[in-house]
Structures are given as C-alpha cells and as structure tokens.
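The values are calculated or read from the model by the stated rules, or taken from the named source; none is laboratory data. Not measured: the values here are computed from a predicted model. Cβ coordinates were reconstructed from backbone atoms using ideal geometry, including for glycine residues, and neighbour counts include every protein chain displayed. We work out accessible area using only protein heavy atoms, side chains counted, and drop any ligands, DNA or RNA first. Shrake-Rupley method; radii C 1.70, N 1.55, O 1.52, S 1.80 Å.
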Amino acid sequence: MSAMPSYNLGNGVTMPGIGLGTWQCSDEEVRLVVLEALRVGYRHIDTAWLYKCEQGVGDGIKDWVEGGGDRKELCVVTKLPPNANRAEDVERLLNKQLAKLGLDYVDLYLIHGPMGWKNTGDDLDMFGADEEGFANLDNETDLVGLWKGMETMVMNGKAKTIGVSNFNEKQIERIIQSCEIKPANNQVEVHAYFSNKGIVEYCKSKGITVCAYAPLGSPSRGEMIKSTGSLETRSLNPLEDPVIVELSQAYKKTPGQILLRHLLQRGVIIIPKSGNPSRIKQNFDILDFELKAEDFEKIEKLDKKQRFFPMLSGMQERNPHPEYPF
C-alpha cells in the first residue's frame, strides 16, 4: 500500500491527492455523501457556489466533526462564482459561502473561471441573459484586479490559500507578474481523452499544483453539455474504452480505478464525484496498486485532445468574452 500523495499549498495547507467532488449533488444528498467519504478516509472536499450544495457539504462536515472528526485535518475547497468576478464582490460572496459551509475559513478558494458574468443582484442567477436575450457577460473582467481581492481573503484569514480554475497560461502569467500571493492551484479538466498536457506542465513548472475535474470523463455530464457539444462528443466515455476495460480485467480493478490511478501517477490531484457509497470507497482505494510503465503509456495514447467542458455559454453572445480561456 503506497502512501496518499499530498501537495503543499503553502500557509500550512496540505492537499491530499484524492478528493471528493460534489457537482450535481443536492444539499440533502451531499450531506450523506460527504459524511460517508470522511468516514472512508477522504480529507479533501471540493465544492463551489455554482454547485448550490455548500450548505449540505457543511452539514456533512459538521456531522463528522460532532462524531469526533477534526476540522484541522481537512482541506476544504470552494470557488468564487463567475457573476462575482470583481474585486469588490469577493468578500461578500465568500462570507455567504462560509456561512453556508459553517466554517470560519476555507483551505483553498478558487476563481471558478476567468470569464465574468454580470451580477443581476441575485447571486444565484449566474448565467442569465440581458434584456435582448444575449448572454449577460461582463466583458470588463479585470483578472489582475480580481486577484487583489482574492489576496485580501488570505490576509484577513477567510481563505488559507487561493487559486484559479479553467485559466490558461497567459492568464496565470499575468497574475504571477503582479501578485503578492501566487496561485496555489489550477483546477482544470483532465482525463484519459483530454490530457491537457500544456497547462499541466506549465503549472508544474511554476510550482502551481493541478487538480483534475472530470477525472473519469464525467459520464453524467449530460444535460449541461447538450447545448455545447456534438452528439459524438457527448457519447464519449473513457470508462468504456476497450483499453481501459482490458486493463481493468488485468489488474482486477474497476475501469474507474484504472483511470484515477493513471492521473495520480501523472502527479495530478483528482476529485471524482459519486453518490454511491461503494463507488466512493472504490475511488479512494487506488493506493494498493501501480500501473506498469507500458500500461501507463497505453492510457497516455488514448488522448483525443477532447475537451468535454468548453466553457461556452450555449447562448448567443453579443461579443466574445476577452477572457475566454480556450
């Protein structure tokens, strides 16, 4: 049994290499999921305002702590929503998120994406249309100014560390050139069909950790992608790839465990999501085997450069957003 990989984010925060994703969970479901995951051994929980389940995540953590768990063992991650991508909105949103989570601080606070959307006055209205039916994008997004607002959250103790999600190299470089606190993490799409090697290697070269969302290819991505992906793209599923199925049989592991182990061996942090107790445990139990070099390379060769989350609005846009990352 190998040790759990862990990554130093700075400021006393260590991020375990395996975390729990919580996208597409209701508050009620995620409360039970988080508690089960913490009982299994997870210590890294990932959520976001966008997921609309921070209350349930907080309740699950509270249940675990009341049962004897220690909050200080956890790495809790949440994200600033796109309709708050202005420096003056950061603290207001994080205060709301901490209240929902029932926490005094988060271990890592991420900007969920570089493209800002206009705030309608309702923080839950994140991807609306303007009066003419166009995507309500905020084309004046100032990422350098926004980062200053993020740094303030570290200085006032509401976030231990800060980072980004879905940012490209040029966007990160602009922040690095002007920041006082460097991004600790970039959370991006990575899976067997989308190795995303360029941004992964760039971040590593800058001492920025990389966390993979959709590490299994997000087989339940479904409705969200229907407006922005082709039928062929929507049907792609790395879990069903013949190479993965063959390796699953050879190693006597599930296809999901093969895919997750591959990313772990790439030095990428993973946050698989599941509401199924047995699968939650399976996703965590990948430290008792290692892919042989030749089998690792077989998975490397599956890369189709196929992004499943293109960050497109699916709506008519008056003008392309200047910070569109891809």
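Structure above, values below:
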| item | result |
| --- | --- |
| Zone of Leu312's modelled label, taken as backbone nitrogen in segment 130-148 under 15 Å from a point 7 Å along Cα→Cβ | 135 |
| Separation of alpha-carbon centers, segment 124-185 and segment 275-307, rounded to whole Å | 31 Å |
| Alpha carbon convex hull of the chain, projected area averaged over orientations, nm² | 16.0 nm² |
| Dipole in debye (nearest 20) - the chain, about Cα centre, beta carbon charges: Lys, Arg +1; Asp, Glu -1 | 780 debye |
| Glu88 paired with Glu180, simple spin-label distance in nm, labels 7 Å along Cα-to-beta-carbon | 2.1 nm |
| Cα-centred dipole magnitude for segment 34-149, charges only on beta-carbon of K, R (+1) and D, E (-1), debye, nearest 20 | 480 debye |
| 222 nm mean residue ellipticity, helices alone, for the chain (DSSP H n ≥ 4; -39,500 (n - 2.57); rounded to 500) | -11000 deg cm²/dmol |
| Most positive-pole-ward Cα, Ser2, Asn185, Asn319, against dipole of the chain from beta carbon charges | Ser2 |
| Computed lengthening from Gln249 to Thr14, 0.36 nm per intervening residue step minus Cα-Cα distance | 81.2 nm |
| Cys179 accessible area, assembled protein chains, probe 1.4 Å, Å² | 30 Å² |
| Listed residues Val164, Val268, Val90: farthest to the positive end of the dipole of the chain (Cβ charges) | Val268 |
| Contour excess over end-to-end distance, with Cα ends at Phe134 and Glu297 and 0.36 nm allotted per residue | 54.2 nm |
| From the C-alpha gyration tensor of segment 21-144, square roots of 5λ in Å | 30, 14, 11 |
| Scaled radius of gyration (Cα, divided by 2.2 N^0.38 Å) that segment 16-74 gives | 1.00 |
